[in-house]
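*Asks:* Just dropping this structure here.
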Amino acid sequence: MSNSFIGSTDDGFDGDISIAVVTAIAAKRGVEPTELPPLYESIDPDALDALFAPTRTGGPRRGRLEFTYDGHAVVVECGSGLEITIDGTPATAEPVSADRADRFGESRTGV
């Protein structure tokens, strides 16, 4: 996975949204992503990623999804860019590197 930033982007989002959500919650709490419960206990990570993946023709998808993960209200909204909001605040975090993402285990989403 290439480096990706969490939050609004003008160029779209180049990464797994499921990893971005786990990373954003971890950053908000000041813990490592591996210290959080598995994301799949709240939402199917593969379905989350697929929901906002580019269309077959390569165009962006548009939509909004709200769910709760480990007690936090998460909103993923895709319009001209992608924005992840945690508890009403746009998520910001360090870039997610491939090395850090690999620490998530088999599904790379906090498992």
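The values are calculated or read from the model by the stated rules, or taken from the named source; none is laboratory data. Keep in mind it's a predicted model, so treat the numbers as computed, not measured. Cβ atoms come from the backbone with ideal geometry, glycine included; neighbour counts cover every protein chain shown. Note: accessible area is taken over every heavy atom of the protein model, side chains too, but ligands, DNA and RNA are not part of it. Shrake-Rupley method; radii C 1.70, N 1.55, O 1.52, S 1.80 Å.
*Asks:* Kindly evaluate PRO95 against the criterion of being at pLDDT below 80, in contact with a strand residue (DSSP E or B) (Cβ under 8 Å, 6 or more places away or on another chain) and open to solvent by 80 Å² or more (accessible area, probe 1.4 Å).
*Replies:* Details: at pLDDT below 80: yes; in contact with a strand residue (DSSP E or B) (Cβ under 8 Å, 6 or more places away or on another chain): yes; open to solvent by 80 Å² or more (accessible area, probe 1.4 Å): no.
Here the answer is no, as PRO95 does not meet what is asked.
*Asks:* Is it fair to say VAL21 is open to solvent by less than 20 Å² (accessible area, probe 1.4 Å) and at pLDDT 50 or above? Explain how you work it out, then say what you get.
*Replies:* Details: open to solvent by less than 20 Å² (accessible area, probe 1.4 Å): yes; at pLDDT 50 or above: yes.
Judged against the criteria, VAL21 is a match.
*Asks:* Condition first: in contact with a His (Cβ under 7 Å, 6 or more places away or on another chain) and either of a type outside the set (S, T, N, Q) or on the phi > 0 side of the Ramachandran plot (or both). Can you find one or more residues in segment 67-86 that meet it?
*Replies:* yes
*Asks:* Would you confirm whether any residue within segment 51-62 is among the hydroxyl-bearing types (Ser, Thr, Tyr) and touching a helix residue (DSSP H, G or I) at 6+ places or on another chain (Cβ under 9 Å)?
*Replies:* So the first thing to find is which residues in segment 51-62 are among the hydroxyl-bearing types (Ser, Thr, Tyr), and the list is 55, 57.
Adding the requirement that they be touching a helix residue (DSSP H, G or I) at 6+ places or on another chain (Cβ under 9 Å) leaves none.
For segment 51-62, residues among the hydroxyl-bearing types (Ser, Thr, Tyr) and touching a helix residue (DSSP H, G or I) at 6+ places or on another chain (Cβ under 9 Å): absent.
*Asks:* Restricting to segment 47-65, and then to whatever is more than 13 Å from SER18 (Cα to Cα) and either open to solvent by 70 Å² or more (accessible area, probe 1.4 Å) or among the polar types (S, T, N, Q) (or both), can you tell me which residue is nearest to the chain's Cα centre (by Cα)? Give the derivation first.
*Replies:* Filtering segment 47-65 for residues more than 13 Å from SER18 (Cα to Cα) gives 54-64.
Filter again for either open to solvent by 70 Å² or more (accessible area, probe 1.4 Å) or among the polar types (S, T, N, Q) (or both), leaving 54-57, 60-62, 64.
Numbers: PRO54: 15, THR55: 18, ARG56: 21, THR57: 23, PRO60: 16, ARG61: 15, ARG62: 16, ARG64: 13 Å.
The selected residue is ARG64.
*Asks:* How about segment 27-54: which of its residues are acidic (Asp, Glu) and not in a loop (DSSP other than H, G, I, E, B)?
*Replies:* Going residue by residue through segment 27-54, those that are acidic (Asp, Glu) are 32, 35, 41, 44, 46, 49.
Of everything in segment 27-54, those that are acidic (Asp, Glu) and not in a loop (DSSP other than H, G, I, E, B) turn out to be GLU35, GLU41, ASP46, ASP49.
*Asks:* Read through the list (1) closer than 12 Å to VAL76 by Cβ; (2) part of a loop (DSSP other than H, G, I, E, B), then give the number of the only condition that GLY15 fails.
*Replies:* Condition not satisfied by GLY15: (1).
*Asks:* Say we look at segment 31-46 and pick out the residues that are of a type in the set (A, V, I, L, M, F, W, C) and surrounded by 13 or more Cβ atoms within 10 Å (Cβ to Cβ); which of these is farthest from CYS78 (Cα to Cα)? Write out each step before concluding.
*Replies:* Just the residues of segment 31-46 that are of a type in the set (A, V, I, L, M, F, W, C), to begin with: 31, 36, 39, 43.
Checking the rest, the ones that are also surrounded by 13 or more Cβ atoms within 10 Å (Cβ to Cβ) come to 36, 39, 43.
On the way: LEU36: 25, LEU39: 20, ILE43: 18 Å.
That would be LEU36.
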